[in-house]
Amino acid sequence: MAEEQQEVVPQESGLRKSRVQKVPELPILERRNWLIHLHYVRKDYESCKAVIKEQLQATQGVCEYAVYVQALILRLEGKIQESLELFQTCAVLNPTSSDNLKQVARSLFLLGKHKAAVEVYNEAARLNQKDWEICHNLGVCYLFLKDLSKSKEQLTLALQLHRQDLSAITLGKIQLQEGDIDGAIQTFTQALQLSPENTELLTTLGLLYLQNGLFQKAFEYLGNALTYDPSNYKGILAAGCMMQSHGDYDVALSKYRVAASSVPESSPLWNNIGMCFYGKKKYVAAISCLKRALYLSPFDWRVLYNLGLVHLSMQQYASAFHFLSAAISLHHGNAGLYMLLAVALTYLDDIENAKSSYQQAASLDQTDPLVNLNFAVLLYNQGDKKGALGQYQELERKVSALRETSTEFDPEMVDMAQKLGAALQVGESLVWTRQTKDPKGKQRGAGKGPGAEQAPLGSNQALGRAMSSAAGYSKASGLSSGITISTVSKHPSLPLEPEDPSLTSSTAPDYRRGHS
Amino acid sequence: MSSSSDSSSREGESRSKWLDAHYDPVAGLNTLSSCIALADLHGDGDFKMVVGDMGHGPYNMKLKVYKGTARMSENALLDLPTGVAAFLMDQNEPRTPAIAVASGPFIYVYKNLRPYFKFTLPAMEVNALEKEVWDQAKEDKIDPVTLKEMLESIRDKAEIPLSVRSLRFLMLELQEMEAFVNTYKQQPLKRQTVITCMGTLKKNMADEDAVCCLVIGTESGELFILDPEAFTILTRVSLSSVPTLLDVTGQYDIEYRITVACRNGNVYILRRDSKRPKYCIELSAQVVGLVRVQKNIMIGTSHETLHGYSQKGKRLWTVTLPASIMTMSLLEQKSRGIQAVLVGLKNMEVHLYRDKNLLSVINTPDIVTGLCFGRYGREDDTLIMTTQGGGLLIKILKRTAQFEDKDTAPGPPTGQSIKLNVPKKTKLYVDQTLRERENAVAMHRVFQMDLYRLRLSAARAYVKALDASLAPVSSTMQEPLTLNAAVQGIGPQFKLILNLQNTSVNRPSMQLLISFLYDEKLYKIKPAFFKVPLLVPGLNYPIETFVECCSDKGISDIIKVFVLREGKSTPLLTAHINMPVSEGLAAA
């Protein structure tokens, strides 16, 4: 049999011709497998199909590997049903191979038949106990079947068998779904040890730390992600958001420019760009960016909030009112919204509705003394000293609670509160005088009485100065009750992070606005 | 030389590194990186290129030898070559290497370009039951039908798969069986596998001209190391999958490492004294290229990525490539001690990587499928490329060429310098802002007032509609009906379809009438009055009528549909149909 006679010999004719001298050698079924595989991994599917066809003709369709690759190609071409049938053929040709069953299950999974896929995977798992791929895919199937505990079990098993990113990411996502943030962080960190350059892992971890308030760590991870992939949209947005909250508007803007060129139609991005301009006191640019964000996602209350805020700063109270009331009708539970609305209403001379809006804000808010301060000022200006005193006491309570957690207060707010305290003859209260920490310039109160002379409407810069210089609480305020004072608070802006689940609304009582 | 000539700086740079020695777009070479070898075949210091040409389709398989730019000789091959290797078999002088061509289950060894020896892979174990059954058939104890049944039962249960003969037999029609059995029953039953990849391993010396062992991977998932002189199997290792690519370093008698990429997407690392793979790298994609550079393993996968792994299987880095990989090869400039990896991509580029740094890019006129770098002719650093279309490209690395690791940090991405598209503020905008600032209170009041009015009139209209049953859903509990209408046609004839439904649970509606109110100058409806049949709850009753538009002025109007109860003039419900403009001319 050592003759060089391994050519493909057509069965019938070959038989007759050579019966006399020698028996034709049967071609080996697998002799072209290496070529099929080579073309397949090179993604040269046309040549691959040609070789498969030839091979299947030569072997009359029993070459398992040829059928297998043909099914893989069909699946890549989107013909999942056909590929499923071919994989089933493979499973018949070689019932002991778990690979075939795995592929059958995979096709079923792609067809959305998760239950059937689970069954086939279980069958494959009987053939091959220690295959992480089976465990991982079972986990994903269970995830789609909403059986989270089983899914977790399988994914953990997969990770035990072989540590790889894919299972870890899926497991982390499940843990996040269940609210187990610490567990998710642990899972992601472990996965990161395996592939330290995975930007998806890095950004996800960064965002998780951001949610937990660990800004240093968050920044570290996000920075790493941006080093490996400087145009990572998620990373840019999250890192930019952090820079913004530290006042690095120019750096944040330069990062956003990268994102804007790759993902120009992102509402959170334009919202953040808008708030950067706001921080730089370029109000007109801020408004146009925010309006773009609003156009891209019209039902995002945070964009509306920011628009309301910017319009308040621009002294466009009527517009601010519309944005804020739109935001409130989309999202009820935010005290800041009601407070801003009340400020707008105060300027629009609608004192009654302003009061009820403040009331709502005060009932929703537990920690922010600004709400009570503004409310107290309004009440005081309306001559309701008793009500003002009540709010002032509430303010003191919140401040003392906050001081324990060493929060820094805005100097203008402190100043305003002290003046109000003096006016209410409770000024000797020790609340603020003990306040020695250097406050951050995050929140700026600006008071301005409509009775006092209006700041000239000039350029935006002039406006900005007017707003921030807190022209308001004039010396006269303590003397005459006829002068109305109210603080316009620049609430900290709300930069949006991608996929920010922390800002979900708490259940709030349904608020009926009186000014409808 | 017709390389595409863009004026990009990178291209100009790569051109300066390489000399174009030869390009033949119609060389007719259909081959792979594994089937190209460079060897000093005649011991005269002039290196030849040996190419295993796969021909076209199942024909024209040839072993071609090139000298310079010309083909020197060619030998016919009987089957597709899997791999070609040049290796020294013995210590004899002159030190001329032999050529090993792996093909099917055989290795053909050529010396001085003449067939010298054929090695056949050892046959695999045959299923004992199967053998027994065929023995019985040989002695004519069982007929073909029984044979078929028995073989089928063996196939379904057995651990060892059936031989080709049995599988072929099982596919036959009944009438062909007898002849088949008679032909083959005298032959010994055997199971044969094929070679999937081949490499060489120095026997006991690291010298350039040391004797080499052949390392072969087979379809049965085994790895053999063959003695170069006797062609006996020195070592045999079983793998859990079929090997596809091999990389071998070291010396057989001292220490060696074999890196094997397998079809299950894993890469195994074998060492001398281990019967089992020492390390395993599990990849999520198939391996397209495998090259060992010093102590690291570079793996190109079908996910368009290039990974670097340590020799213990730890991932060091990953680079994403712009296109899918076709083939990979090692570039070793011995004079300078430079080692780098050549990666042939589908976008007609060949990238050169040292670790994760891209050193240079070569643009090629076609997709490169075969790469080989080494001494060719009398030139040390020659790059041989074969293309998908059968072309042959030879380039020589300039002696002055310097490869510098470029700064890996790509600098700020291009987007950073693009200005944000923020519209300028217009005069109109400023004017409106000023107006609002001055009159905010008044604007707000006017708006609120108008809003009240709007709400009031909306509420009034709603009450009126409810009172007069103007809505298409009846408001009375006694006759819960819904009506919707559809207009078909482009005019002047329209078909009006009214869908009437009784939405009560179990009360049929009776004695209902339908009438229309419309401008008689504009439309004619016939019939314009219906008696509605008994309405069974839940069923939809389509009622059709024809509307003719009498005007040719292109105007349209509303037609009102009333559903009435017999004897009552207040309608139960009303539908307003906005008629479309008639697009056809009214009939005269």
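The values are calculated or read from the model by the stated rules, or taken from the named source; none is laboratory data. Note that this is a predicted model, so its numbers are computed, not measured. Backbone-built Cβ (ideal geometry, glycine too); neighbour counts: all protein chains shown.
Return the residues of the range B:321-333 that are over 16 Å from the mean Cα position of the chain (by Cα) and under 20 Å from residue A:195 (Cβ atoms); say none if nothing qualifies. Hits for the range B:321-333: nothing passes. Residues that are away from every other protein chain (no Cβ under 13 Å) and not in a helix (DSSP H, G or I) do not occur anywhere in the range A:222-239.
Of all residues in the range B:279-301, those satisfying the criterion of being under 21 Å from residue A:133 (Cα atoms) and surrounded by fewer than 18 Cβ atoms within 10 Å (Cβ to Cβ) are B:280, B:282, B:284, B:285. The residues of the range B:244-273 that are closer than 17 Å to residue B:107 by Cα and not aliphatic (A, V, I, L, M) amount to a single one, B:244. The set of residues in the range A:320-341 being assigned to a helix (DSSP H, G or I), closer than 17 Å to residue A:369 by Cα and either more than 14 Å from every other protein chain (Cβ to nearest Cβ) or in contact with a strand residue (DSSP E or B) (Cβ under 9 Å, 6 or more places away or on another chain) (or both) consists of A:335, A:336, A:337, A:338, A:339, A:340. For residue A:141, the test of being farther than 26 Å from residue A:207 by Cα and at pLDDT 90 or above is passed. Only one entry of A:199, A:203, A:187 meets the criterion of being more than 14 Å from chain B (Cβ to nearest Cβ), under 20 Å from residue B:305 (Cβ atoms) and either crowded, with 19+ Cβ neighbours inside 10 Å or in contact with a helix residue (DSSP H, G or I) (Cβ under 6 Å, 6 or more places away or on another chain) (or both), and that entry is A:203. With respect to the stated conditions, residue B:265 fails to be at positive phi and surrounded by fewer than 16 Cβ atoms within 10 Å (Cβ to Cβ). You will find that of A:85, A:77, the residue that is among the charged types (D, E, K, R) and more than 33 Å from the chain's Cα centre (by Cα) is A:85 and no other. Given the structure, is residue A:341 buried (at least 24 other Cβ atoms within 10 Å of the Cβ) and either of a type in the set (A, V, I, L, M) or farther than 18 Å from residue A:395 by Cα (or both)? For residue A:341, the condition - buried (at least 24 other Cβ atoms within 10 Å of the Cβ) and either of a type in the set (A, V, I, L, M) or farther than 18 Å from residue A:395 by Cα (or both) - is met. Taken as a whole, the condition of being assigned to a strand (DSSP E or B) and either loosely packed, with under 14 Cβ neighbours inside 10 Å or modelled with pLDDT of 90 or more (or both) does not apply to residue B:362. Quick one: count up the residues across the range B:419-444 that are within 8 Å of chain A (Cβ to nearest Cβ) and basic (Lys, Arg). Matching residues across the range B:419-444 total 3. Scanning the range A:125-142 for residues that are out of contact with any helix residue (DSSP H, G or I) (no Cβ under 7 Å at 6 or more places or on another chain) and either within 13 Å of residue A:100 (Cα to Cα) or of a type in the set (Lys, Arg) (or both) yields a single hit, A:126. In the condition set (1) without any contact (Cβ under 8 Å) to a residue 24 or more places away in the chain; (2) in contact with an Asp or Glu (Cβ under 9 Å, 6 or more places away or on another chain), residue B:569 is compliant with all but (2). The residues of the range B:1-48 that are among the charged types (D, E, K, R), closer than 21 Å to residue B:359 by Cα and at pLDDT 85 or above amount to a single one, B:20.
Residues in the range A:72-96 that are touching a Leu at 6+ places or on another chain (Cβ under 8 Å) and under 17 Å from residue A:48 (Cα atoms): A:74, A:75, A:83, A:86. The criterion of at least 3 residues that are farther than 18 Å from residue B:576 by Cβ and more than 60 Å from the chain's Cα centre (by Cα) is met, among strands (runs of 3 or more DSSP E) falling completely within the range B:459-550, by B:529-532. For residue A:47, the test of being of a type in the set (Ser, Thr, Tyr), at pLDDT 85 or above and within 29 Å of residue B:347 (Cβ to Cβ) is passed.
The set of residues from the range B:375-388 being buried (at least 19 other Cβ atoms within 10 Å of the Cβ) and either modelled with pLDDT of 90 or more or under 17 Å from residue B:72 (Cα atoms) (or both) comprises B:376, B:377, B:382, B:383, B:384, B:385, B:386, B:387. Considering only strands (runs of 3 or more DSSP E) fully contained in the range B:265-319, which possess at least 3 residues that are within 24 Å of the chain's Cα centre (by Cα)? Answer list for the range B:265-319: B:287-293, B:296-301, B:305-309. Of all residues in the range A:45-60, those being within 8 Å of chain B (Cβ to nearest Cβ) and either more than 18 Å from residue B:104 (Cβ to Cβ) or touching a helix residue (DSSP H, G or I) at 6+ places or on another chain (Cβ under 6 Å) (or both) number 1. Would you mind stating whether residue B:350 is among the hydrophobic types (A, V, I, L, M, F, W, C), assigned by TED's automatic domain parsing to the domain that holds residue B:401, under 24 Å from residue A:198 (Cβ atoms) and in contact with a strand residue (DSSP E or B) (Cβ under 6 Å, 6 or more places away or on another chain)? Judged against the criteria, residue B:350 is not a match.
The set of residues in the range A:68-83 that are aliphatic (A, V, I, L, M) and crowded, with 22+ Cβ neighbours inside 10 Å comprises A:69, A:71. Note on the range A:256-306: residues that are part of a helix (DSSP H, G or I) and either more than 8 Å from every other protein chain (Cβ to nearest Cβ) or among the aliphatic types (A, V, I, L, M) (or both) total 33. So which residues in the range B:15-60 are within 33 Å of the chain's Cα centre (by Cα), in a loop (DSSP other than H, G, I, E, B) and in contact (Cβ under 8 Å) with a residue 40 or more places away in the chain? B:25, B:26, B:27, B:28, B:29, B:30, B:31, B:32 - these are the residues of the range B:15-60 that are within 33 Å of the chain's Cα centre (by Cα), in a loop (DSSP other than H, G, I, E, B) and in contact (Cβ under 8 Å) with a residue 40 or more places away in the chain.
With respect to the conditions (1) more than 29 Å from residue A:180 (Cβ to Cβ); (2) β-branched (Val, Ile, Thr); (3) out of contact with any Leu (no Cβ under 7 Å at 6 or more places or on another chain), residue A:140 lacks only one, and its number is (1). Meeting the requirement of 1 or more residues that are modelled with pLDDT under 85, more than 17 Å from residue A:27 (Cα to Cα) and at the interface with another protein chain (Cβ under 10 Å from one of its Cβ atoms), no strands (runs of 3 or more DSSP E) wholly within the range B:131-226 can be named. Being in the same structural domain as residue B:525 (by TED's automatic domain parsing), surrounded by 15 or more Cβ atoms within 10 Å (Cβ to Cβ) and at pLDDT below 85 holds for only one residue in B:492, B:508, and it is B:492.
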